[in-house]
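Trainee: Sharing a structure here in structure tokens format.
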Amino acid sequence: MQAAEWRESIRNKKILVLGLAKTGVSVVQHLNALGAIVTVNDFKPLDENKEAQQLIDENNARVVAGSHPVSLLDEDFAFMVKNPGIPYTNPMVVRALEIGLPVYTDVELADKMTDAMIIGITGSNGKTTTTSLVGEMLSHASNLSGQSFVGGNIGIPSLDIASQASEADRLILELSSFQLMGTSEFKPHIAAITNIYGAHLDYHGSMEEYISAKWRITANQTSDDYLILNADQKGVFGDRQTNATIVPFSSTSKQADGAWFDRETEKFMWHDEVVLDRRDLLLPGNHNVENMLVTMAVGKLLGLSNEDIKAGIAQFHGVKHRLQFVAEIDGRRFYNDSKATNNDATITALDSFMGPNDSLVWLAGGLDRGNAIDELGEHMTNVHAMVISGESADKFQALCQAQGITAIAKAEWIEDAVQKALELSNEGDIILLSPASASWDQYPNFENRGDRYIKAIEALANPDSL
């Protein structure tokens, strides 16, 4: 069914939207605009539910709030649209499936709403960066007609961009396992699974179910479609099958029919062709090599030239607050990894600068949750100085001393930390904010902490602007 036919087919159909938040609000607004008769059911009581109140005021929506009454399903709904975060163990979802009521997530509707090409990207790690990279690359493509829209799990509801897109356009969707689990006909032309590690097992119940949810991305693909898969994780998917044309990528070995990274020459390769150099990518770390391989594969499958691929990624500084390259000032490169609020995230950041010529000044500390940080020590090979702050400052000072690092400065606020890091640094150094701590002892959230860090760096670059 073409998108225009589907849009017309839901006019005057009764549809139940379960759960609000940003995605649910978007679904209600777009279904209302198409003439559907929408009922909203949200667990939060109406007097505490600003989103529900807004839908009543602005969209004249019917809202059932404060509970999930299963009896609501006695009404003749055409289908249910479930907020991705609501588990399938929810009584409303269980009952809907028992009576044969289709249960969708927003991405299923986005696919039905548009005739645009869909590029779907999922995985345990790297999907946000890869989705953003693909969007940036396609925005610079000289040979593509139409526009490229980025959305989905990345923060922009999929229906918001699907409603804008024409047949000549492309939707680049970041897809979570929660969203994919609720699909039945969803069919991207190009799908990519960056990697699979244990995640969200409290939601899915087992690793097997989690992997199956991710594999839904290729369930309806044909041989005319493409599935970009991590060749370094060949065993993860077991005997699961796809009808799509598989395009492998690897950061460790040659892929004659895919994308790979030549570690000897540090070149990104497509089959036997050199596409770009590692130095063309501003993002550090092996995980970003993998993200770039997926991005490059998408570009090549769409017929982009090497020049367009390079142009698209040359100015990409990373997703904000996630190992984001901020600026180079006086030979020092500043990175903002404020989202690193735990040991694992900071280990990834430190390991991204393990090259023989890397030298780090590390900014860390924040809310003290009582967790040990000793495991960070083995990843501090290239750290020669540290600026510490927040409740956990003393812990990081002890960690530094245990690693034989004597260049330590304490700072009260991030602006002071930037200045002290500059004083401790040498030309060629990397100055890395990766706190391994939450921000709430001093800042409202990690975004505020990261934004202040960026502004402090901008002030260094443009002192006359103060």
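Trainee: Skipping prolines and chain starts, which residues have an amide H placed within reach, meaning under 5 Å, of the one on Val64, given they are 5 or more residues away or on another chain?
Mentor: Placed amide hydrogens put Val40, Asn41, Asp42 under 5 Å from Val64.
Trainee: Determine the dipole magnitude for the chain: charges of +1 sit on the beta-carbon of Lys and Arg, -1 on that of Asp and Glu, nothing else is charged, the reference point is the Cα centre, and the result goes in debye to the nearest 20. Let's see the in-between values first.
Mentor: Values: 37 positive and 63 negative charges, 120 e Å.
So the dipole magnitude of the chain works out to roughly 580 debye.
Trainee: Could you tell me, in Å, what Rg and Dmax come out for the Cα atoms of segment 1-149?
Mentor: According to the Cα coordinates of segment 1-149, Rg and Dmax are 17.3, 55 Å.
Trainee: Given the options Leu101, Ile86, Trp6, identify the residue whose Cα lies farthest towards the positive end of the charge dipole of segment 3-104 (+1 on Cβ of Lys, Arg; -1 on Cβ of Asp, Glu).
Mentor: Among Leu101, Ile86, Trp6, the one farthest towards the positive end of the dipole of segment 3-104 is Trp6.
Trainee: What residues from segment 284-306 fall in the zone where the backbone N is under 17 Å from a label point 7 Å along the Cα-to-C-beta line of Ser145?
Mentor: Residues 302-304 fall inside that zone.
Trainee: What is the log10 of I(q)/I(0) for segment 337-406, computed with the Debye formula using one identical point scatterer on each Cα and no solvent, at q = 0.11, 0.17, 0.27 Å⁻¹?
Mentor: Taking Cα atoms of segment 337-406 as identical point scatterers yields -0.23, -0.56, -1.52.
Trainee: Sequence gap at least 6, Cα distance under 8 Å: using those rules, report the relative contact order of segment 128-199 to the nearest whole percent.
Mentor: Relative contact order, segment 128-199: 28 percent.
Trainee: Cross-link candidates for Lys127: which aspartates and glutamates have Cα within less than 15 Å, leaving aside residues fewer than 8 places away along the same chain?
Mentor: Leaving aside aspartates and glutamates fewer than 8 places away in the same chain, those within reach of Lys127 are Glu136, Glu174, Glu290.
Trainee: Given bins 10 angstrom wide, list per bin the percent of all Cα-Cα distances in segment 334-466, short to long.
Mentor: Percent of pairs per bin, in order: 13, 49, 32, 5, 0.
Trainee: Quote to one decimal, in nm, the extra length available between Thr222 and Arg62 on full extension: 0.36 nm per residue of separation minus the C-alpha distance between them.
Mentor: So the chain would gain 53.6 nm between Thr222 and Arg62.
Trainee: Once the piece of chain linking Thr265 and Asp47 is laid out straight, how much longer is it, given 0.36 nm per residue of separation minus the C-alpha distance between them?
Mentor: Working: separation 218, 0.36 × 218 = 78.48 nm, distance 6.17 nm.
Gain on extension, Thr265 to Asp47, equals 72.3 nm.
Trainee: Using Cα-only point scatterers and the Debye equation, what is log10 of I(q)/I(0) for segment 184-249 at each q in 0.12, 0.27, 0.28 Å⁻¹, rounded to two decimals?
Mentor: -0.29, -1.26, -1.31
Trainee: 7 Å from Cα along Cα→Cβ at both Glu447 and Asp74: what's the point-to-point distance in nm?
Mentor: Here the answer is 4.3 nm between the modelled labels.
Trainee: Related question: Report, ordered by chain and residue number, the lysines lying within cross-link reach of Lys50, taken as a straight Cα distance under 17 Å and ignoring same-chain residues fewer than 8 apart.
Mentor: Lys22
Trainee: Hey, for a label at Ala398 modelled as a point 7 Å past Cα toward Cβ, could you say which residues of segment 318-345 have their backbone N under 19 Å away?
Mentor: 342-344
Trainee: Taking a virtual spin label 7 Å from the Cα of Gln419 along the C-beta vector, which residues in segment 431-449 bring their backbone nitrogen under 20 Å of it?
Mentor: 431-433, 442-443, 449
Trainee: For segment 239-390, just say rounded, prolate or oblate: build the C-alpha gyration tensor, square-root its eigenvalues into a ≥ b ≥ c, call rounded for a/c under 1.5, and beyond that prolate if a/b exceeds b/c, oblate if not.
Mentor: Prolate, because a/c is 1.5 or more and a/b exceeds b/c.
Trainee: Turning to a different aspect of this structure: Viscosity 1.002 mPa s, temperature 20 °C: what is the translational diffusion coefficient of the chain from Stokes-Einstein with a Kirkwood Rh over Cα pairs, rounded to a whole number of µm²/s?
Mentor: 89
Trainee: What does the C-alpha gyration tensor say about the overall shape of segment 297-375? Classify as rounded when a/c is under 1.5, otherwise prolate if a/b is larger than b/c, or oblate.
Mentor: It comes out prolate by the Cα gyration axes.
Trainee: Follow-up question, since we're still on this one. Quickly work out the Lys320-to-Ala33 label distance, labels modelled 7 Å from Cα along the C-beta direction, and quote it in nm with one decimal.
Mentor: Placing both labels 7 Å beyond Cα along the Cβ direction yields 2.3 nm.
Trainee: Could I ask something else about it? So how far, in whole Å, is the C-alpha centre of segment 50-128 from the one of segment 162-225?
Mentor: Cα centroid to Cα centroid, the span is 16 Å.
Trainee: Once phi is turned into θ = phi - 60°, what whole-Hz ³J(HN,Hα) does the Karplus curve with 6.51, -1.76 and 1.60 give for every residue of segment 369-386, x standing for Gly and Pro?
Mentor: 8, x, 8, 6, 10, 4, 4, 5, x, 6, 9, 9, 3, 9, 7, 10, 8, 9
Trainee: Out of residues 5 or more away from Val387 or on other chains, whose amide H comes under 5 Å of its own, with H placed 1.01 Å from N in the peptide plane?
Mentor: Those qualifying (amide H under 5 Å, at least 5 residues apart or on another chain) are Trp362, Leu363, Ala364, Ala409.
Trainee: If you don't mind, another one. Using alpha carbon coordinates only, what is the Rg to Rh ratio of segment 118-187, with Rh defined as the Kirkwood radius? Could the numbers behind the result be given before it?
Mentor: Values: Rg = 11.9 Å, Rh = 12.4 Å.
Taking Rg over the Kirkwood Rh, I get 0.96.
Trainee: Calculate the FRET efficiency for Arg278 and Val236 from the Cβ-Cβ distance with a Förster distance of 25 Å, rounded to the nearest 0.05.
Mentor: 0.45
Read the figures in this text as sums done on the coordinates, not as results from a lab. Fair warning: this is a prediction, and the values are worked out from it, not measured in the lab. All Cβ positions, even for glycine, are placed from backbone atoms using ideal geometry, and neighbour counts span all protein chains on display.
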